[in-house]
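Right, one structure below, let's go through it.
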Amino acid sequence: MPGESVRARISALVETSVRALADEVRTVPGGWAVRTWDLPAVWTLNQVHLEAPTTPAAAAALTEEHQKDLPYRYVVVDDEPSGRRLAEELGADAWRADRLVLMVLPTDGRPPDAGQPSGVERGIVVLDEQQATVLMRRWVLEAQAGIASTELEEVLEYHRREGRLWNERCFGCLGDDGTPATMVKLRSDGAVAWLEDVYTRPEERRRGLARAVVTFVAGLARSERPEFTFLLADDDDWPKHLYARVGFTPVGMRWSFRRSQPF
């Protein structure tokens, strides 16, 4: 499948998720904006999203117009040349740029779990919503040190809502204490599969748990014969290399920019 078509399909699925959960969706020049009144701390559900080429001034102006009552400004940019330009120019104005790599698992070739023990042999289990929430709480507290309790609960509620929207299946390994040590979520719309929220507790890292679960879930996804399987990886973090070893390949990038309070 051509790269442009894959990127468009991925963007459409991510957009579907955001629009389905948001309270309000508005059309803006070059894209759309969403607001979710009971989860104001969640950037994803209170974003300006630009699909067409844009300029730093135009992007910043749209956030001022649609997020003026929020303690942060947050914009997502699909157009890669615009994203690179915004990263250069907005970075000088106290905006933080984040790059996500769109990675796809080919539908042909060697399955990602070929020659590996089964999920049961590797201790991989299905995690329920409560177990997944325990790990999400650890992850948010690790990534956003000092986050207020009310904001933390909003973020966790967002993840619960998104999981229910997609009827997610969550897989992971348990630590020696019997509590979840690592997780990977699997979503599907019936045609495309999506791996999301890969996380391992700090004290359980460097044991190969994440790779084992990602490999297992990727193999499970492909066994259900989707058109393709994808995930979004932080371009500045090491897990993208783990995903590459499992078989995922980059097909594009999307940018996000935030300023002021980052919650």
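Here the sum of -39500 (n - 2.57) over DSSP H runs of 4 or more residues, divided by the residues of the chain, equals -12000 deg cm²/dmol at 222 nm, to the nearest 500. Sequence-distant contacts, meaning Cα pairs under 8 Å at least 6 residues apart, place the relative contact order of the chain at 27 percent. For the chain, the dipole from Cβ point charges (+1 on Lys and Arg, -1 on Asp and Glu) about the Cα centre works out to 560 debye, to the nearest 20. Efficiency by 1/(1 + (r/R0)^6): what FRET value for V125 and L165, r their Cβ-Cβ distance, R0 = 22 Å, to the nearest 0.05? According to the calculation, E is roughly 0.45. Against the main long axis of the alpha-carbon atoms of the chain, helix 3-21 sits at an angle near 80°.
Model label sites at D69 and S223, defined 7 Å from Cα along the beta-carbon direction, differ in position by 4.9 nm.
Just so you know, the Cα atoms of the chain work out to an Rg and Dmax of 18.5, 54 Å. Annotation for the stretch 121-217: trypsin sites (Lys or Arg not before Pro) lying in DSSP loop with at most 14 further Cβ atoms inside 10 Å of their Cβ are R205, R206, R207. Most simply put, the chain has about 90% antiparallel DSSP beta bridges, counting only bridges with both residues inside it. Normalised by the number of residues in the stretch 3-101, the average gap of Cα pairs under 8 Å and 6 or more apart makes the relative contact order 19 percent.
Between A61 and A143, the FRET efficiency from the beta-carbon distance, with R0 = 30 Å, is close to 0.55. Here's how it looks for M253: its modeled amide H is under 5 Å from those of L102, which are all 5 or more places away or on a different chain. Sorted from longest to shortest, the spans of the Cα atoms of the stretch 125-190 along the three principal axes equal 37, 32, 16 Å.
Bear in mind that the values in this text are calculations on the coordinates, not laboratory data. Because the structure is a prediction, the values reported are computed rather than measured. In this analysis, Cβ positions are derived from the backbone assuming ideal geometry, glycine residues included, and neighbour counts consider all displayed protein chains.
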